[in-house]
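Take a look at the structure below.
The values are calculated or read from the model by the stated rules, or taken from the named source; none is laboratory data. Since we're looking at a predicted model, the values are computed, not measured. Virtual Cβ from ideal backbone geometry, glycine too; neighbours counted across all protein chains shown.
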Amino acid sequence: MKKIFFTLLFTIFSAQLCFGEIPERNLEELKAESQFRADRGAYPMGGISSGDAKEALALIKNRDRDEWAKGWGAVAQKYLDEGKKASNPKDAGIAFRKAWRLFYMAQWPVPNSKGKQDAYDQAIEAYSSYAKTLTPQLQVVKIPFGNKSITAYVRMPANVQGKVPMILAISGLDSRKETVAEGYGPILEHGIGFIAVDGPGTGQAPVKVSTTADKMFSAVLDYIYKMPNVDTSRIVVSGVSFGGYWAAKLAFTEKDRIIGSVAQSPPIHEFFSPEFLVNNTMGNREYLFDLAPAFINVFEGANNVDDLARIMPPMSLKTMGLLDKPSAPMLIVGGTKDTQVPISDLELLARSGSAPNYSWINPVGGHLGREIKGWTDPVILNKIIIPWEVNLIKNHQPK
């Protein structure tokens with residue numbers, strides 16, 4: 001009887017997904033919203049000036065993915081050329097950083113067309129050039145993973161005696177290890193290093209999203225444990241958005257190798273249901289555009305929304321039976337107005353595991369707990385997340 005009911009339920013939702021309209025923003029709405037966010041430094045436009053956004057958006061004539069990439073890429077190229085001609089590292093770094101942010105926007109939210117893939121490749125090039133101007137330096141490492149490798153960024157604090165605590169920082173659906181590495185720069189001042197990686201299905205990750213994709217993070221932890229200058233008794237995992245899902249999962253599966261986990265707006269259970277996919281993910285307006293296509297791009301075996309409805313439910317940590325298992329302490333961050341991840345998922349996670357969990361929930365915040373002004377992404381990271389991590393690391397007593 002249960003099997004018949006599930007088949008009927010899936011058939012109903014499949015029909016809705018196939019024939020329902022996706023209320024994405026049209027071109028003019030998309031341009032207006034993009035400029036609005038750029039003017040306020042709101043996600044995903046942080047680090048992009050109002051003028052550069054206006055110039056790029058004026059070049060975009062339709063909603064074609066390659067057209068989007070072309071418009072932003074044209075403005076980015078000017079800064080890339082400027083950086084190459086700069087007479088000193090400081091000016092070069094400023095130009096390369098601007099080029100990276102604009103190429104990143106050109107491939108946003110995911111490189112699911114040729115033009116966007118080209119833009120992503122150029123974003124990597126621009127960030128690599130920018131990273132060479134940083135002090136302390138940023139190191140690019142290749143971590144073995146089967147017959148592939150995981151590309152990661154390692155940055156360690158300068159002039160620290162002894163071994164260094166580490167943050168394993170995981171990007172989200174549309175953020176990248178470059179975004180994460182940029183955000184975590186301030187933690188170096190506390191004598192803590194970080195290793196930044198792309199989440200499965202994104203950036204240069206060697207695997208797409210699946211129920212076993214967290215194995216790549218176990219491989220990263222293996223690598224960290226072999227680093228001679230790392231204090232392996234003080235490792236914290238941090239993940240943003242879909243990266244928060246992996247951070248939450250690792251709090252259970254890798255509890256013996258980490259001392260804590262930060263999960264920022266993590267999908268846990270309800271998020272993966274066909275109901276939530278239909279009613280919230282498709283055409284989500286809190287997201288700038290193309291949330292459902294972005295998920296299709298990162299999930300293994302997904303070619304359309306129907307595939308997502310079939311693939312996503314087994315991803316639930318509740319369905320996996322993990323939430324009743326022993327865990328490392330967690331900091332759970334989010335907002336009650338989040339339309340991308342249900343607040344019920346955060347509440348469920350807060351009640352799970354075996355260690356004390358901590359929550360910071362913005363009662364007027366959206367996804368990640370963010371607001372257009374006030375509690376922006378950098379403010380939440382620097383005033384809430386990093387202080388919690390520093391306190392956990394400084395006060396941890398190794399067994």
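Tell me whether the range 85-100 contains one or more residues that are outside the structural domain of T376 (by TED's automatic domain parsing) and either touching a residue at least 60 places away in the same chain (Cβ under 8 Å) or on the phi > 0 side of the Ramachandran plot (or both). Yes. Among the aliphatic types (A, V, I, L, M) and under 16 Å from L322 (Cα atoms): is that true of A251 in this structure? When the stated conditions are applied, A251 passes them. Residue count for the range 57-74 under the criterion of being among the aliphatic types (A, V, I, L, M), in contact with a Phe, Trp or Tyr (Cβ under 9 Å, 6 or more places away or on another chain) and either farther than 15 Å from Y104 by Cα or surrounded by fewer than 19 Cβ atoms within 10 Å (Cβ to Cβ) (or both): the result is 2. Report yes if Y287 is in the same structural domain as I384 (by TED's automatic domain parsing) and in a helix (DSSP H, G or I), otherwise no. So Y287 does not fit the description; no.
Residue-level check: of (1) in a strand (DSSP E or B); (2) more than 17 Å from the chain's Cα centre (by Cα), V333 misses just (2). Selection of first residues in the range 38-59 that are touching a residue at least 24 places away in the same chain (Cβ under 8 Å) and of second residues that are among the acidic types (D, E) and in a helix (DSSP H, G or I), restricted to Cβ pairs under 7 Å at least 6 apart or on distinct chains, gives the following pairs, ordered by first then second residue: Y43/D377; G46/D377.
Table: residues versus (1) β-branched (V, I, T); (2) surrounded by fewer than 23 Cβ atoms within 10 Å (Cβ to Cβ); (3) in contact (Cβ under 8 Å) with a residue 60 or more places away in the chain.
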{"site": "S233", "(1), (2), (3)": "no, yes, yes"}
{"site": "G239", "(1), (2), (3)": "no, no, yes"}
{"site": "W246", "(1), (2), (3)": "no, no, yes"}
{"site": "Q264", "(1), (2), (3)": "no, no, yes"}
{"site": "N279", "(1), (2), (3)": "no, yes, no"}
{"site": "M282", "(1), (2), (3)": "no, yes, yes"}
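For the range 358-369, indicate whether the set of residues that are closer than 22 Å to T202 by Cα and either out of contact with any Phe, Trp or Tyr (no Cβ under 6 Å at 6 or more places or on another chain) or in contact (Cβ under 8 Å) with a residue 40 or more places away in the chain (or both) is non-empty. Yes, some residue in the range 358-369 is closer than 22 Å to T202 by Cα and either out of contact with any Phe, Trp or Tyr (no Cβ under 6 Å at 6 or more places or on another chain) or in contact (Cβ under 8 Å) with a residue 40 or more places away in the chain (or both). Only one entry in Q35, Q117, Q77, Q107 is polar (S, T, N, Q), surrounded by fewer than 18 Cβ atoms within 10 Å (Cβ to Cβ) and closer than 27 Å to G365 by Cα, namely Q35. Residues that are farther than 17 Å from Y223 by Cα and of a type in the set (V, I, T) within the range 236-252 comprise just one, V240.
Report whether or not I372 is of a type outside the set (S, T, N, Q), over 25 Å from D324 (Cα atoms) and surrounded by 20 or more Cβ atoms within 10 Å (Cβ to Cβ).
So I372 does not fit the description; no.
Counting only strands (runs of 3 or more DSSP E) that fall entirely inside the range 129-247 and contain at least 3 residues that are at pLDDT 95 or above and touching a Ser or Thr at 6+ places or on another chain (Cβ under 8 Å), the qualifying elements are 138-145, 164-170, 230-240. Taking the criterion of being assigned to a helix (DSSP H, G or I) and surrounded by 12 or more Cβ atoms within 10 Å (Cβ to Cβ), the residues of the range 82-97 that qualify are E82, G83, K84, P89, D91, A92, G93, I94, A95, F96, R97.
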